[in-house]
Amino acid sequence: MKPIQSIKANRTNSFIHLNLLYKFCFFGSSTMSQQAFNAGQTKGQAREKAEQWTESAKQTAQSARDKTAEVAQSAHDKAIDVTHSAQNKSADKSHSTRESAQHGQEQTTGFLGQTGESVKNMAQGALDGVKNSLGMNEKK
């Protein structure tokens, strides 16, 4: 090779090297920038999805707490209703028993009163009979 051709070859090689270096820096950094952008975008989407899942889980937990509270309140109300119902039935039975006992007492009192009157009348009749037999029954 002649020295001029060598200089031209060196220049051409240098130009090719510079061109490759330029392309690498420009396009390489562009590719790396695009990859970094894509990675950041993916990370952001993942974070957003995680936040959505977290919010959904919070809502589900709150809904479960609300439902549990409703069921507990309903059970409490039902227990109170059953207790009141039992108390009312007990009071009704007690009242009915008192009325029945009072009625029985009235009937017994009436029966004993009638029986006492009957016994008194029979005794008076027997006494009158004895007096008549003995002639002691004086009618004025």
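The values are calculated or read from the model by the stated rules, or taken from the named source; none is laboratory data. Being a predicted model, the structure only gives us computed values, none of them experimental. Quick reminder, even Gly has a Cβ in these numbers, built from the backbone with ideal geometry, and neighbours come from all protein chains shown. We work out accessible area using only protein heavy atoms, side chains counted, and drop any ligands, DNA or RNA first. Shrake-Rupley method; radii C 1.70, N 1.55, O 1.52, S 1.80 Å.
Before moving on, here are some points about what is shown:
- Positive-end residue, segment 26-121 charge dipole about Cα centroid, Cβ charges, pick of Ser100, Ile80, Ala61: Ala61
- Table column - 3J(HN,Hα) (Hz), segment 81-87, Karplus curve with 6.51, -1.76, 1.60, x for Gly and Pro: 4, 5, 4, 4, 4, 5, 5
- Expected-Rg normalisation [2.2 N^0.38 Å, Cα atoms] applied to segment 39-140: 3.36
- With the simple model of a label 7 Å out from the Cα in the direction of the Cβ, Ala75 to Ser118 spans 6.3 nm.
- Per residue, segment 37-81 exposes 86 Å² of accessible surface when a 1.4 Å probe is rolled over the protein heavy atoms with every protein chain present.
- Computed extension gain for Glu99 through Trp53, at 0.36 nm per residue and net of the alpha carbon distance, reaches 9.8 nm.
- Accessible-area composition of segment 34-122, carbon plus sulfur, in percent [1.4 Å probe]: 56
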